[in-house]
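Okay, so here's the structure we're looking at.
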Ligand SMILES: [Zn+2]
């Protein structure tokens, strides 16, 4: 997987004080945006995730609904299988059952991208706890703590889906292809999509943790902790699909 939700957010580096002041000055707007995003359904967020796919423009409009529905189902089905098998909703417990090497990283060396979670083949998952904590601290500070769920669990659940995806070639998110171009009837060049795995990963986390909101909202929250202006732009992008 090259480009993933949660995994990276590119930001400009503002000074700590500037960033903080900007968030506090915009707390009313942020709370209103959060409340609006909490109301959006999975299909709306899925349309946003499709729009971020590097080859979004090549997806025929007539295929979009099927891609959304099948990707959501793919994530839900995989979460249900694990819930039935391991009888726990805890992503940490499930990581142990799956023999994953789970690392909680407090510091991040590279500043090009800010990571929240990362799956690396064959079975390593890193969770960047300090970056996630920055986001939860901000929500607390502006008294926008509308979330009962632990964000670390959500990110870990999403990465567990990438592990499952990596080890099951027959999964919908691996097999769904779109036609890019063809040479008459002789040859058609096809490609898989990034968005199928991202939609399925969010749906997986939502089902596993019985969330009453779509976890794609974390894209906005995580960006907010690092760059208010970019989060504001992202909000406008997402809300377009509602
Ligand atoms: Zn992902």
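The values are calculated or read from the model by the stated rules, or taken from the named source; none is laboratory data. All values derive from a computational prediction rather than experimental measurement. Cβ: placed from backbone, ideal geometry, glycine included. Neighbour counts: every protein chain shown.
Is there a residue being modelled with pLDDT of 95 or more, within 16 Å of the ligand (Cβ to nearest atom) and surrounded by fewer than 20 Cβ atoms within 10 Å (Cβ to Cβ) anywhere in the range 150-158? Yes, the conditions are met somewhere in the range 150-158.
For the range 127-135, state whether one or more residues are outside any helix (DSSP H, G or I), within 15 Å of the ligand (Cβ to nearest atom), closer than 18 Å to residue 72 by Cα and free of Cβ contacts under 8 Å to residues at least 24 places away in the same chain. Looking through the range 127-135, none of the residues is outside any helix (DSSP H, G or I), within 15 Å of the ligand (Cβ to nearest atom), closer than 18 Å to residue 72 by Cα and free of Cβ contacts under 8 Å to residues at least 24 places away in the same chain. Here residue 165 meets each of (1) away from the ligand (no atom under 16 Å from the Cβ); (2) at pLDDT 95 or above with one exception, condition (1).
Residues of the range 167-177 that are touching a strand residue (DSSP E or B) at 6+ places or on another chain (Cβ under 7 Å) and either crowded, with 20+ Cβ neighbours inside 10 Å or touching a residue at least 24 places away in the same chain (Cβ under 8 Å) (or both): 176 alone. Taken as a whole, the structure leaves residue 82 outside the set of residues that are more than 16 Å from the ligand (Cβ to nearest atom), surrounded by 12 or more Cβ atoms within 10 Å (Cβ to Cβ) and closer than 30 Å to residue 23 by Cα.
The C-beta contact set for the range 143-165 (first residue more than 15 Å from residue 118 (Cβ to Cβ), second residue outside any helix (DSSP H, G or I), distance under 8 angstrom, 6+ apart or interchain) comprises 147/213; 149/209; 149/211; 153/90; 153/209; 164/171. Screening residue 115 with (1) more than 17 Å from residue 209 (Cα to Cα); (2) at pLDDT 95 or above gives one miss only, at (2).
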